[in-house]
């Protein structure tokens, strides 16, 4: 429980200052705010004794800061981002999104949990250790970008250009959440993603459904059947080869999933969180396993034909759907997209044309929570939050993790600090003060355990 002293502490005041920057990467008019926020970070990192610089990119700047490199010590790279999502809809906020407020032990503002509160906790943990001891048990590099919320379009090239400067033994990231019930957790796997859009084209124009219905293929009907063909009666994706590269779950992973289910309230809690009365999915796996460890095919949007009030009796000229496939370790997004396109074309009947538009993609990521570094991360979380961390496979995606692995050749460990009800990307985003302060403790324990 946060005390009043905590709520007025210097770390919280610094977080407030960080949160006041409307560093929205997707909106060009906020480029000056991103520049100002990057400079604020440089000044903060310099003030605690690190060599810090702001690096220009074709988009938002990247901030890099480091301790002097001691070849006798291991090197830990701490990654985070200072850009945030747009605050819309503004009417959903209790108070303005870039005017931080504290209420009942939480700080509310856009970016509070994603990712300013989490990355600042690491910065302040390093600051405290340097202030008290004069040095760190490891070399530390901070890499803080300003484009994560738009897919990090310039980070890969930056990593390649600065590969030697960023050479490290592992990457530590706090950009995920605690387990349900605000229990500490180490996320050891995230799903990848592959996106595509389907457009089914029929007649040259909308037709009268009475005069042409039954004689001309209806693109909306065709699209509906294509979507329905993606899954069989057991919830498995029917695309040939879809599961060929999927690793079977290890016994310890099934145990970890069961532990998480027991600790989080299981299916009842998930139903309540989702606002549904029934859960569905691939048979043979628990809900927790389906969310984090199994690949999926989902429809994210669909449209076609008349959308207004009342009835307009048309046979639409076209229909569209937006799909994403969530992938697990060893599945190649390009292979999956190609297989999906081939399958969907094979299911398309005569009388229409199918256009397939490939979207963004990113590989899945998985590290070993039982490796020496994984165990060190677990030890730090346990020490900071007073309980052994649960092991999570997150259903979401952070595509840059696979890029970090490819270019720097090291594993990343995800030590989430966001409370599960932090409302990231939504109005009234928030972070528990106790999580923020716990993150400072966790950083200190982590670097000690890795040293």
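The requirement of being within 24 Å of residue 181 (Cα to Cα), surrounded by 15 or more Cβ atoms within 10 Å (Cβ to Cβ), modelled with pLDDT of 95 or more and over 17 Å from the mean Cα position of the chain (by Cα) is fulfilled somewhere in region 390-412, by at least one residue. When residue 369 is tested against the conditions (1) touching a helix residue (DSSP H, G or I) at 6+ places or on another chain (Cβ under 7 Å); (2) in a loop (DSSP other than H, G, I, E, B); (3) within 25 Å of residue 83 (Cβ to Cβ), the lone failure is (3). Among the residues of region 94-116, write down those that are surrounded by fewer than 20 Cβ atoms within 10 Å (Cβ to Cβ) and farther than 25 Å from residue 151 by Cα. Within region 94-116, 94, 95, 96, 99, 101, 102, 103, 104, 105 qualify.
Are any residues in region 66-89 surrounded by fewer than 17 Cβ atoms within 10 Å (Cβ to Cβ) and touching a residue at least 12 places away in the same chain (Cβ under 8 Å), and if so, which ones?
Quick first cut of region 66-89, residues surrounded by fewer than 17 Cβ atoms within 10 Å (Cβ to Cβ) only: 68-72, 74, 86, 88-89.
Scanning region 66-89 gives 68, 69, 70, 74, 86, 89.
Report yes if some residue within region 228-239 is assigned by TED's automatic domain parsing to the domain that holds residue 358, free of Cβ contacts under 8 Å to residues at least 12 places away in the same chain and either in contact with a helix residue (DSSP H, G or I) (Cβ under 7 Å, 6 or more places away or on another chain) or more than 30 Å from residue 215 (Cβ to Cβ) (or both); otherwise report no. Write out each step before concluding.
Quick first cut of region 228-239, residues assigned by TED's automatic domain parsing to the domain that holds residue 358 only: 228-239.
Now narrow it down to the ones that are free of Cβ contacts under 8 Å to residues at least 12 places away in the same chain: 228, 232-233.
Imposing the further condition that a residue be either in contact with a helix residue (DSSP H, G or I) (Cβ under 7 Å, 6 or more places away or on another chain) or more than 30 Å from residue 215 (Cβ to Cβ) (or both) reduces the set to 232-233.
Checking region 228-239: at least one residue is assigned by TED's automatic domain parsing to the domain that holds residue 358, free of Cβ contacts under 8 Å to residues at least 12 places away in the same chain and either in contact with a helix residue (DSSP H, G or I) (Cβ under 7 Å, 6 or more places away or on another chain) or more than 30 Å from residue 215 (Cβ to Cβ) (or both).
Inspect all residues belonging to region 220-229 and state whether any of them is modelled with pLDDT of 95 or more, more than 24 Å from the chain's Cα centre (by Cα) and not in a helix (DSSP H, G or I). Let's see the steps before the verdict.
Residues of region 220-229 that are modelled with pLDDT of 95 or more, as a first pass: 220-229.
Among the residues that remain, those that are also more than 24 Å from the chain's Cα centre (by Cα) are: 220-229.
So of that shortlist, the ones also not in a helix (DSSP H, G or I) come out as 229.
So far as region 220-229 goes, yes, one or more of its residues are modelled with pLDDT of 95 or more, more than 24 Å from the chain's Cα centre (by Cα) and not in a helix (DSSP H, G or I).
Within region 98-132, restricting attention to residues that are in contact with a helix residue (DSSP H, G or I) (Cβ under 9 Å, 6 or more places away or on another chain) and assigned to a loop (DSSP other than H, G, I, E, B), which residue is nearest to residue 167 (Cα to Cα)? If we take residues in region 98-132 being in contact with a helix residue (DSSP H, G or I) (Cβ under 9 Å, 6 or more places away or on another chain) and assigned to a loop (DSSP other than H, G, I, E, B), then 111 is nearest to residue 167 (Cα to Cα).
Just wondering, is there one or more residues in region 326-346 that are touching a strand residue (DSSP E or B) at 6+ places or on another chain (Cβ under 7 Å), in the same structural domain as residue 197 (by TED's automatic domain parsing), under 25 Å from residue 235 (Cβ atoms) and assigned to a strand (DSSP E or B)? Looking through region 326-346, at least one residue is touching a strand residue (DSSP E or B) at 6+ places or on another chain (Cβ under 7 Å), in the same structural domain as residue 197 (by TED's automatic domain parsing), under 25 Å from residue 235 (Cβ atoms) and assigned to a strand (DSSP E or B).
Count, please, the residues in region 133-186 that happen to be touching a helix residue (DSSP H, G or I) at 6+ places or on another chain (Cβ under 9 Å) and either crowded, with 19+ Cβ neighbours inside 10 Å or part of a strand (DSSP E or B) (or both).
Within region 133-186, the first condition is being touching a helix residue (DSSP H, G or I) at 6+ places or on another chain (Cβ under 9 Å), and the residues that meet it are 135-138, 140, 142-149, 151-152, 155-156, 159-160, 163, 166-186.
Okay, now just the ones that are also either crowded, with 19+ Cβ neighbours inside 10 Å or part of a strand (DSSP E or B) (or both), so 136, 138, 140, 142-149, 152, 155, 159, 166, 168, 170-180, 183-186.
Adding up the residues that qualify gives 31.
The values are calculated or read from the model by the stated rules, or taken from the named source; none is laboratory data. Treat the numbers as computed from the prediction; the structure is a model and nothing was measured. Virtual Cβ from ideal backbone geometry, glycine too; neighbours counted across all protein chains shown.
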